[in-house]
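This report concerns only the one structure given below.
The values are calculated or read from the model by the stated rules, or taken from the named source; none is laboratory data. All of these numbers come straight from a predicted model, not from anything done at the bench. Positions of Cβ are generated from backbone atoms using ideal geometry, with glycine treated the same way; all protein chains shown enter the neighbour counts.
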Amino acid sequence: MAEEKGKKADNNMVFVGKKPTMSYVLACVTQFSSGLKEIHIKARGKAISKAVDVAEITKNRFSDGAKIKNISVGTDEIKTEEGDKINVSTIDIALTK
């Protein structure tokens, strides 16, 4: 699990990025196995489709009784290296067990 810049990662969050999909699925399964009842899968930009895959694989193959509780979408404004501001889409998928 990686942390977004400037934000502290909570124990029940999985930030999806460039790693293989199964790495994030394993992180989700590990969190459920540790006793957590709810986890959040977060991603932005091109990683959104991978976050959906992670949620579906975790729910359907690895975690009995897991359900999607909520899906939140939004937009973050971030600064590029050149100093420009751009809008990036975000998603937060809440899974409960």
Of those in region 54-92 that are at pLDDT below 95 and either at positive phi or small (Gly, Ala, Ser) (or both), the residue surrounded by the fewest Cβ atoms within 10 Å (Cβ to Cβ) is GLY83
Can we say LYS42 is under 12 Å from the mean Cα position of the chain (by Cα) and either modelled with pLDDT under 95 or charged (D, E, K, R) (or both)?
yes
Considering region 21-33, residues that are touching a helix residue (DSSP H, G or I) at 6+ places or on another chain (Cβ under 7 Å) and surrounded by fewer than 20 Cβ atoms within 10 Å (Cβ to Cβ), and then whichever is farthest from THR80 (Cα to Cα), we arrive at VAL29
Scanning region 1-25 for residues that are modelled with pLDDT of 95 or more and among the polar types (S, T, N, Q), the one farthest from ALA51 (Cα to Cα) turns out to be SER23
For region 48-97 the number of residues that are under 15 Å from MET13 (Cβ atoms) and out of contact with any strand residue (DSSP E or B) (no Cβ under 6 Å at 6 or more places or on another chain) is 1
The condition of being part of a loop (DSSP other than H, G, I, E, B), of a type in the set (A, V, I, L, M, F, W, C) and either in contact (Cβ under 8 Å) with a residue 12 or more places away in the chain or surrounded by fewer than 18 Cβ atoms within 10 Å (Cβ to Cβ) (or both) holds, among LEU36, LEU95, only for LEU36
**OP:** Would you check if VAL25 is more than 14 Å from THR90 (Cα to Cα), touching an Asp or Glu at 6+ places or on another chain (Cβ under 9 Å) and among the aliphatic types (A, V, I, L, M)?
**Re:** yes
VAL88 vs (1) over 12 Å from the mean Cα position of the chain (by Cα); (2) aliphatic (A, V, I, L, M); (3) assigned to a helix (DSSP H, G or I): all pass except (3)
